[in-house]
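Visitor: For reference, the structure I am asking about is given below.
The values are calculated or read from the model by the stated rules, or taken from the named source; none is laboratory data. This structure is a prediction, so every number in the text was calculated from the model and none was measured. Here the Cβ is made from the backbone with ideal geometry for all residues, glycine too, and neighbour counts use every protein chain on show.
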Amino acid sequence: MAVSVFASCGKITEEEGVLQLQSLPVVFSVISPLNPVQVSLSKTIVPNGSNDTIYYPSARVYVCGDDKEWTELSRESLEVAVYKDVNNKIKVTEGKTYFLRVDIANTTVSAQTTVPIQRGKIVAAEFIADSEQSPDFDQYLGTLTVKLELNKTDPYVLTAYADYIGSDYSTFLQQSSITDRISIPDSVSAFNLHLITFDPYLAKYWAAKAIASQQSFSEGDLSVFIGTFNGLLPPYSNIVNGVGLFGSYAADTKNVKVAQP
């Protein structure tokens, strides 16, 4: 940053920023090959503005791939501005680029994301429950051991249920061998472990979220990510004519059996 400041010329220009005293559309969507496409639509609240529960009732939301064959999403209800691909027409594929379009009155909100290619792999994983468990606790406490193959340039996180595994005080996973203490519901005999790769936009969002709060992610649970948009606007956005995030991820999944000691 310092180098760019000293190397730049002295001309100063004033650009219109995101923080304007007018209500803007807030669009949020994270797509992956694992889940049907859905988009959340809301708006920013400005001083003396109304906090309506019905956001843009006439808005129309579309998503397409490189073929530019737009698929219109269905709104969940008038009160809930969540739009879904109810017929699963959109097939999300690793390495492909997808485009988002939201038509609101005379404004078109747009964004795009390229789904990352999952180069990382879960080579092996084992969970051994502790020999002694608390009778008042409805969870198995035990030790999870994982071996991974990671591509050094990709941003990864490892999750089981809603837990972030292998926390080493870094934002993204760095080590290929992990031993961590976790708990899982005592009603299951196996669980899924996910090695998740973020696209650049989602990685930036995750890093910003990690600074603000404790990391927590559950596959398909958009509420975790949407929560960061409460209050002040995020310091970045990849939404044209609005704010928010249109991101994507891919994942390698391994089913891990619960081993008793």
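Visitor: Could you tell me which residue of the stretch 86-130 is nearest to the chain's Cα centre (by Cα), considering only residues that are assigned to a strand (DSSP E or B) and acidic (Asp, Glu)?
Guide: Once the filter is applied, the top-ranked residue is Asp103.
Visitor: In the stretch 17-43, which residue that is in contact with a strand residue (DSSP E or B) (Cβ under 8 Å, 6 or more places away or on another chain) and more than 26 Å from Thr71 (Cα to Cα) is modelled with the highest pLDDT? Write out each step before concluding.
Guide: Restricting attention to the stretch 17-43, the residues satisfying the condition of being in contact with a strand residue (DSSP E or B) (Cβ under 8 Å, 6 or more places away or on another chain) are 18, 23-34, 36-43.
With the extra rule that they be more than 26 Å from Thr71 (Cα to Cα), the set shrinks to 18, 23.
Numbers: Val18: 48, Ser23: 82.
For the stretch 17-43, the residue satisfying everything is Ser23.
Visitor: Next question, about the same structure. Looking only at the stretch 75-95, count how many residues are hydroxyl-bearing (Ser, Thr, Tyr) and under 14 Å from Ser29 (Cα atoms).
Guide: Here the count works out to 1.
Visitor: I've got another one for you. Consider Thr93 carefully, then state whether it is under 30 Å from Asn192 (Cα atoms) and touching a residue at least 40 places away in the same chain (Cβ under 8 Å).
Guide: The answer is yes for Thr93.
Visitor: Moving on to the next point. Among the residues of the stretch 152-174, write down those that are surrounded by 12 or more Cβ atoms within 10 Å (Cβ to Cβ) and more than 23 Å from Asn255 (Cβ to Cβ).
Guide: Pro155, Thr171, Phe172, Gln174
Visitor: Let me ask something else about it. Out of Phe225, Phe191, Phe137, report the one residue that is out of contact with any helix residue (DSSP H, G or I) (no Cβ under 6 Å at 6 or more places or on another chain), aromatic (Phe, Trp, Tyr) and modelled with pLDDT of 90 or more.
Guide: Phe191
Visitor: Return the pairs, sorted by first residue and then second, in which the second residue is part of a strand (DSSP E or B) and among the acidic types (Asp, Glu), the first residue lies in the stretch 136-147 and is buried (at least 20 other Cβ atoms within 10 Å of the Cβ), the beta carbons are less than 9 Å apart, and the residues are 6+ apart or on different chains.
Guide: Between residues of the stretch 136-147 that are buried (at least 20 other Cβ atoms within 10 Å of the Cβ) and residues that are part of a strand (DSSP E or B) and among the acidic types (Asp, Glu), the close pairs are Leu144/Glu126; Leu144/Asp180; Val146/Glu126; Val146/Asp180.
Visitor: Report the residue count in the stretch 175-199 for those that are aliphatic (A, V, I, L, M), surrounded by 13 or more Cβ atoms within 10 Å (Cβ to Cβ) and over 22 Å from the mean Cα position of the chain (by Cα).
Guide: Residues in the stretch 175-199 being aliphatic (A, V, I, L, M), surrounded by 13 or more Cβ atoms within 10 Å (Cβ to Cβ) and over 22 Å from the mean Cα position of the chain (by Cα): 3 in total.
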